[in-house]
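Student: I have a structure I would like to understand better, so I am pasting it below and will then ask my questions one at a time.
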Amino acid sequence: MTIDISRFAQTFFDEALEHLASMESLLLATNLNAPDPEDLNGIFRAAHSIKGGAATFGFSALAEITHILENQLDRVRKGIMPLRADMVDTFLETSDLLKGMVQTYQSGDEISPATTVDACSKLHALETGGTAAKGWHLQLVAPGISHERLAGLAVTLQGQGWRADPDFPRDHAFICSSQASAAELTAALGAILAPHEFVLRPFSMARAAPVPLQSRVADPGVHEKESGTRLFEARQSPGQLDLANDIAEEDESYGLFSPRGTLAAASFAASSAAEEDGPPVAAVPDGTRPPPGVPMPEAAILRTASASTESGSIRVSTEKVDDLMNLVGELVITQAMLSQLAGQLDPAINELLLNGIGQLERNTRELQEAAMSIRMMPISFVFNRFPRLVRDTASKLGKRVRLAMHGEQTELDRGLIEKLSDPLTHLVRNSLDHGIETAEVRRAKGKDEVGALTLRAFDQGGNVVIQVADDGAGLNRARILAKAQSQGMKVHDGMSDGEVWQLIFEPGFSTAETVTDVSGRGVGMDVVRRNIQAMGGRIDIETRTDIGTIITIRLPLTLAILEGMAVRVDGEVYVIPLAFIIESLQPSSNELRTVSGHGRVLAVREEYMPVVTLQHVFGGAPRACDKGLFVILEAELGKIALHVDELIGQYQVVIKSLETNFRKVDGLSGATIMGDGRVALIVDIESLVRIALGRTVSEAA
Amino acid sequence: MDYISTANGAAEYLVFTLGLEEYGIDILKVQEIRGYDHVTRIASTPEFIKGIINLRGIIVPIVDLRIKFALGEPAYDQFTVVIILNVAQRVIGIVVDGVSDVIALTRDQIKPAPEFGAHLSTEYIQGLGALEERMIILADIERLLTSREMQLTDALVEASS
């Protein structure tokens, strides 16, 4: 089994186009005089996400441009550079260009290096307040060409009306500056030099340094060699080898690094290089002999494989699937009603009818399962992109990391799978960058030089739990607090560890000393939390200094169905999502205490929880709590004891939006239809707790 | 405004009563008429929003116009009528005192509404229909139900008529 990355590439293309679209709409909506920081963050995040994805899939031209775009956006966002109209124009232009590039990559075509260089120089020009917009500065790098030839070249160029800097022949590079575009210069140079002899790079006058990210696509010659060497390193360096072997040990089914997989990995690298460089044969480095029995154009084989998997499935709009799910939900309810009615009939007289209803019940259940399974996908769809990401990121950071993945077969709603990839990518990058230390540091700490990163997925109740665990340095409480203070966040030393860890999810928070290509900009974690919450999930951190960090994401199995506890309060039925319920209990009177004559608390094993009634959240007559039960709920803000009259039972309910025909009601996340056809309201615990803790319990005991 | 144009250029209206007044609403907006069944209350909503019902799998809010317009003591029995409406891409049910009939009104029979105090503010009245001895208040039900005071919608979808 080889990983066919092109399958995920499609997801990336879709996502990138989505991000670009949102970037564009945000840019268009931005008010130049008073840009909304949230919008700027949004634009920045879009660029950041595209960059991350592009780098993962090796679309270097795309990654390069977005990297510079991101840098400039970051400056605007942080207020270092004011937002100007020409910037918005350039950003929009760039976004159009990126859209074109994504489509080009999608169709498997080449990106012209000149395009990249042009776009980069335009973006760089923004720094100098638009003055450089008169002409681009391009740095010509031509390794292996003598000084004499370069000097001659400068003369020739000047003769053709270019402004070249002949006094800058150092490092075989000199600067051309012109009104014309890089494409024209490339054409002009092409007449003198062979295409593989030179590279054009944008040259930033503001910093007088070449762009930070090396233009690999711009240099087909060097790139070929590079991909070749990388390939060898992958097979020779002990760290990488560890990675390969360990993964093979961890999970045999994961084919990339299994013995035969090494070949696959080689051909995979070759195929990815081929995508950038043209014919696949050209990309196979001279030293690698095609393994016996494996045909040369491996890339072609990978492509056909992906084509055949595609033909076995159809793309259906999620709307249709949702409709189907809804209808099945209705059917289940109707069937339950029929069964209930049939139970009252005389079995002797209505035997045929009862048989029919029994059959209906069976069929309905199967239909429901089948419909559910349409939306379910194994989580390996997300996990499979990580070996490459971990390998690339780790080598970029000079760290040695062993990746282990467990439970890739865990199934999750398709909608969730798609939304999960971004947050998980951020978490993995963070673990690699901030969590796992370099080999030297690890040795000094007495740890194994090879860091361990574990991705785990498993079912727990109605939830899917996904963990990203590393054995790195752990979070540093003091540093987080200091950083939070310097960022003007409200913190104090008495905060619990849990509260401190939650700080890293605040927007703009990053403890990294330096901004690297990988992470440290302080985007990411806030997006991660927002995305997870939007999916109805939770995220928790467990960390120990020098032992490691475990980040746990809990997600509902599906968005459409909720595992809930039905309770009765004042004659109405409410459904509480099971994920929030810790326990239900009937307290003795001495466990119910009054605090300063107003609020009441419930003592559960030495822990005091505020008593909340639905009336005091939704407004209504106060009620006595001496009868009935308490359901202990845990939300992000804390625990509460919710008073209910009766527990009815545990149900899987189909979530119906209140907003379709009505509006949002605070404290409710939706409604559902119970077996008897009545409507029950689904309580939104997070907002319930927020409302409840906001208002003190002020009813007389 | 989309009226059905019958042969004589008339539009059809469903007539219901609220108190002593007769109201007409564009029949095209009416999805169905049903009895009043169990309604699930929604806390923290005004009293005239009775709650939500399950209409064949769709969650539909029910508004009692009798409470909204303070017309005596609303009773809920087997004669209570709910008109299910399709307005502004939403399905909403209204509780009224009774439904009488469907009438056709030609354009000449519709007079502009004078500035006076019906239960309904003039803003929501399209005109007055004269049919023999009866006067029927033609309500712009879409605008009424999407209005801010009804609190049925979020940020407003104010109906454009």
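The values are calculated or read from the model by the stated rules, or taken from the named source; none is laboratory data. Since this is a predicted model, take the numbers as computed values, not measurements. Methodologically, a virtual Cβ is constructed for each residue, glycine included, from the backbone with ideal geometry; neighbour enumeration extends over all protein chains shown. Side chains are part of the model used for accessible areas, which takes the heavy atoms of the whole protein and leaves out ligands, DNA and RNA. Shrake-Rupley method; radii C 1.70, N 1.55, O 1.52, S 1.80 Å.
Student: Provide a single number: the residues in region A:676-693 that are at the interface with chain B (Cβ under 10 Å from one of its Cβ atoms) and assigned to a helix (DSSP H, G or I).
Tutor: So the answer is 1.
Student: Something else: Examine region A:477-499 for a residue that is in contact with a strand residue (DSSP E or B) (Cβ under 9 Å, 6 or more places away or on another chain), open to solvent by less than 40 Å² (accessible area, probe 1.4 Å) and modelled with pLDDT of 80 or more, and state whether such a residue exists.
Tutor: No, that holds for no residue.
Student: Consider only pairs whose beta carbons are under 7 Å apart and that are at least six residues apart or on different chains; among these, list those whose first residue lies in region A:606-618 and is at the interface with chain B (Cβ under 8 Å from one of its Cβ atoms) and whose second residue is open to solvent by 10 Å² or more (accessible area, probe 1.4 Å) and of a type in the set (D, E, K, R).
Tutor: A:615/A:623
Student: Continuing with this model, one more query. Restricting attention to region A:552-559, does a residue exist that is over 29 Å from residue A:375 (Cα atoms), open to solvent by 10 Å² or more (accessible area, probe 1.4 Å) and either within 14 Å of chain B (Cβ to nearest Cβ) or modelled with pLDDT under 80 (or both)?
Tutor: no
Student: Quick check on this structure: which one of A:425, A:454 is in a helix (DSSP H, G or I), open to solvent by 10 Å² or more (accessible area, probe 1.4 Å) and modelled with pLDDT of 85 or more?
Tutor: Of A:425, A:454, the one residue that is in a helix (DSSP H, G or I), open to solvent by 10 Å² or more (accessible area, probe 1.4 Å) and modelled with pLDDT of 85 or more is A:425.
Student: A further question follows. Go through region A:356-398 and give me each residue that's in contact (Cβ under 8 Å) with a residue 60 or more places away in the chain and over 25 Å from residue A:417 (Cα atoms).
Tutor: Hits for region A:356-398 are A:395, A:396, A:397.
Student: State which residue is nearest to residue A:326 (Cα to Cα) when the search covers only region A:623-675 and only residues that are open to solvent by 60 Å² or more (accessible area, probe 1.4 Å), within 9 Å of chain B (Cβ to nearest Cβ) and not β-branched (Val, Ile, Thr).
Tutor: If we take residues in region A:623-675 being open to solvent by 60 Å² or more (accessible area, probe 1.4 Å), within 9 Å of chain B (Cβ to nearest Cβ) and not β-branched (Val, Ile, Thr), then A:659 is nearest to residue A:326 (Cα to Cα).
Student: Which number in (1) aliphatic (A, V, I, L, M); (2) in a helix (DSSP H, G or I); (3) not assigned by TED's automatic domain parsing to the domain that holds residue A:429 marks the one condition that residue A:348 misses?
Tutor: Unmet for residue A:348, out of (1) aliphatic (A, V, I, L, M); (2) in a helix (DSSP H, G or I); (3) not assigned by TED's automatic domain parsing to the domain that holds residue A:429: (2).
Student: If a residue must be in a loop (DSSP other than H, G, I, E, B) and either assigned by TED's automatic domain parsing to the domain that holds residue A:47 or surrounded by fewer than 24 Cβ atoms within 10 Å (Cβ to Cβ) (or both), how many such residues does region A:428-451 contain?
Tutor: 8
Student: Here's a follow-up. Being small (Gly, Ala, Ser) and within 14 Å of chain A (Cβ to nearest Cβ) narrows it down to one of B:43, B:104, B:75, so name that one.
Tutor: It is B:43.
Student: Take region A:457-476 and flag every residue that is crowded, with 20+ Cβ neighbours inside 10 Å and among the charged types (D, E, K, R).
Tutor: A:470, A:471
Student: Is it the case that residue B:91 is crowded, with 21+ Cβ neighbours inside 10 Å, under 14 Å from the mean Cα position of the chain (by Cα) and within 14 Å of another protein chain (Cβ to nearest Cβ)?
Tutor: No: the conditions fail for residue B:91.
Student: Hey, another quick one. List the strands (runs of 3 or more DSSP E) inside region B:40-98, counting only whole elements, that have at least 1 residues being within 22 Å of residue A:654 (Cβ to Cβ), touching a residue at least 60 places away in the same chain (Cβ under 8 Å) and not β-branched (Val, Ile, Thr).
Tutor: Output list reads B:58-64, B:90-96.
Student: Tell me which of these residue A:31 doesn't satisfy, since it passes every other one: (1) in contact with a helix residue (DSSP H, G or I) (Cβ under 8 Å, 6 or more places away or on another chain); (2) not in a helix (DSSP H, G or I).
Tutor: It is condition (1) that residue A:31 fails.
Student: Also, quick follow-up: Restricting region B:46-72 to residues that are β-branched (Val, Ile, Thr) and either buried (at least 21 other Cβ atoms within 10 Å of the Cβ) or within 12 Å of chain A (Cβ to nearest Cβ) (or both), which is farthest from residue A:615 (Cα to Cα)?
Tutor: By that ranking, first place goes to B:58.
Student: Can you pull out every residue in region A:395-409 that is under 24 Å from residue A:377 (Cα atoms) and surrounded by fewer than 20 Cβ atoms within 10 Å (Cβ to Cβ)?
Tutor: Residues satisfying the conditions are A:404, A:406, A:407, A:408, A:409.
Student: When the residues of region A:38-70 are narrowed to those that are in contact with a helix residue (DSSP H, G or I) (Cβ under 8 Å, 6 or more places away or on another chain) and among the charged types (D, E, K, R), which ends up surrounded by the fewest Cβ atoms within 10 Å (Cβ to Cβ)?
Tutor: Within region A:38-70, the match that is surrounded by the fewest Cβ atoms within 10 Å (Cβ to Cβ) is A:39.
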